[in-house]
Amino acid sequence: MKPTLVLLHSLLLGPLTWAPVAAKLRALGVATVVPSMVHVTDVDDPPFWPQIGAVVKDSVSDLPQDQPIVLVAHSNAGVVVPPVVAAVGRPVVGCVFVDASLPSRCGPTPAASPERLAYLRSIAAEGRLPQWTKWWEEETVASLFPDPRTRALVAAEQPRLPVSYYEQQIPVPPGWDHRPCAYLLFGPPYDRMAQESRTRGWSIAEAPGGHLHQLIDPELVTAHIIALTAGWTSPAG
């Protein structure tokens, strides 16, 4: 049975960041689900990872119970993959990390390093962060999008995460990676994550570009995802 691909967006952005790739996959006959996690932090009451798992589980609830899935996580969604694997309630045959942060090999994963957390606290207002596209200089942000319309649509669905999101320690259930995993790199600073993935024995591919390259070249990103997941058809034992 061919797996359904479940595309997890960055918690700082929204499902539209995956829309062009999802369309390409579906046009190729690949069943694809894109859960929306933009509301999981509406109430500032951590931990948030259980709600993320619940949202993803609900998004695939209409699939047959034995339908295998592949999780494809972009950016900071990478660190929530282990609890999602445990929560989703159906066979996960593999995980792809796309320009993404990695979970710890064992023990909980900090949602942010101490240095990162200090910076985030410095830019927060009333406990909430600005929308992600407001963290950067205009020239940097503009280069991430293929056109102004796409930028406006993606920017409009961005949540303002609470700082408490980054104060979480996200659990890493044993055995979550007892299944194929792969990494698709766009560019720095995630090259460090790709190198770490290589030390874990994962497959690695590269689509050089900015952090939202799936919006710039969805055809190439789609091709890499299909290639990386080829043969992932049997549930992990």
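The values are calculated or read from the model by the stated rules, or taken from the named source; none is laboratory data. Predicted model, so just to flag it, every value in this text is computed and none were measured. Cβ placement follows ideal geometry from the backbone for every residue including glycine, while neighbour counts extend to all protein chains displayed. Remember, those area values only see protein heavy atoms, side chains included, never the ligands or the DNA or RNA. Shrake-Rupley method; radii C 1.70, N 1.55, O 1.52, S 1.80 Å.
Taking the chain as a Gaussian network of alpha-carbon nodes connected by springs under 10 Å, the highest mean-square fluctuation of the residues 166, 183, 119 belongs to 119. Look at the Cα gyration tensor of region 1-59: its axes a ≥ b ≥ c give a/c of at least 1.5 with a/b at or below b/c, and that counts as oblate.
Specify whether the C-alpha gyration tensor of region 26-177 places it in the rounded, prolate or oblate class, a ≥ b ≥ c being the square roots of the eigenvalues: rounded for a/c under 1.5, otherwise prolate if a/b is larger than b/c and oblate if not. Here region 26-177 falls in the oblate category.
Rounded to the nearest 20 debye, what is the charge dipole size of region 130-237 about its Cα centre when +1 sits on each Lys and Arg Cβ and -1 on each Asp and Glu Cβ?
Numbers: 8 positive and 12 negative charges, 64 e Å.
For region 130-237, the charge dipole is close to 300 debye.
Using the heavy atoms of the protein chains alone and a 1.4 angstrom probe, what is the accessible area of the chain per residue in square angstrom?
Numbers: 10560 Å² over 237 residues.
I get 45 Å² per residue for this part.
Once both labels are positioned 7 Å from their Cα atoms along Cα-to-Cβ, the gap between residue 86 and residue 206 label points is 3.5 nm.
Approximating the spin labels as points 7 Å out from Cα along Cα→Cβ, the residue 227-to-residue 167 distance works out to 4.4 nm. Working from label points 7 Å from Cα in the Cα-to-Cβ sense, the residue 26 to residue 137 distance is 3.9 nm. Nonpolar atom fraction for region 1-67, defined as the carbon and sulfur part of the 1.4 Å probe accessible area, stands at 56 percent. Between 51, 122, 112, the Cα set farthest toward the positive side of the dipole of region 1-124 (charges on each charged residue's Cβ, about the Cα centre) is that of 112.
Protein heavy-atom surface of region 79-139, 1.4 angstrom probe: 54% of the accessible area is carbon and sulfur, with nucleic acids and ligands not counted. Cβ-Cβ distance of residue 44 and residue 152, R₀ of 25 Å, FRET efficiency by 1/(1 + (r/R0)^6): the value works out to about 0.40. If a/c stays under 1.5 just call it rounded; otherwise compare a/b with b/c (prolate if a/b is bigger, oblate if not). Do that for region 1-114, with a ≥ b ≥ c from the square roots of the Cα gyration tensor eigenvalues. Taking the square roots of the gyration eigenvalues as a ≥ b ≥ c, region 1-114 is prolate. The GNM of the chain, with springs linking C-alpha atoms under 10 angstrom apart, assigns the highest mean-square fluctuation among 16, 120, 215 to 120.
With contacts defined as alpha carbon pairs under 8 Å and 6 or more residues apart, what's the relative contact order of the chain in percent?
Result for the chain is 26 percent.
For residue 2, the lysines whose Cα falls under 20 Å of its own Cα, not counting residues fewer than eight places away in the same chain, are 24, 57. Charged side chains reduced to their Cβ positions (Lys and Arg at +1, Asp and Glu at -1) give the chain a dipole of some 460 debye around its Cα centre.
I'd like the trypsin sites (Lys or Arg not before Pro) in region 59-124 restricted to DSSP loop residues with at most 14 other Cβ atoms within 10 Å, sorted by number. Intermediate values should be presented prior to the final figure.
Working: sites: 105, 116, 121; in loops: 105.
Here the sparse-neighbourhood loop sites are 105.
Of all stretches in the chain that contain no GluC sites (Glu not before Pro) in a DSSP loop with at most 12 other Cβ atoms within 10 Å, the longest one is 1-125.
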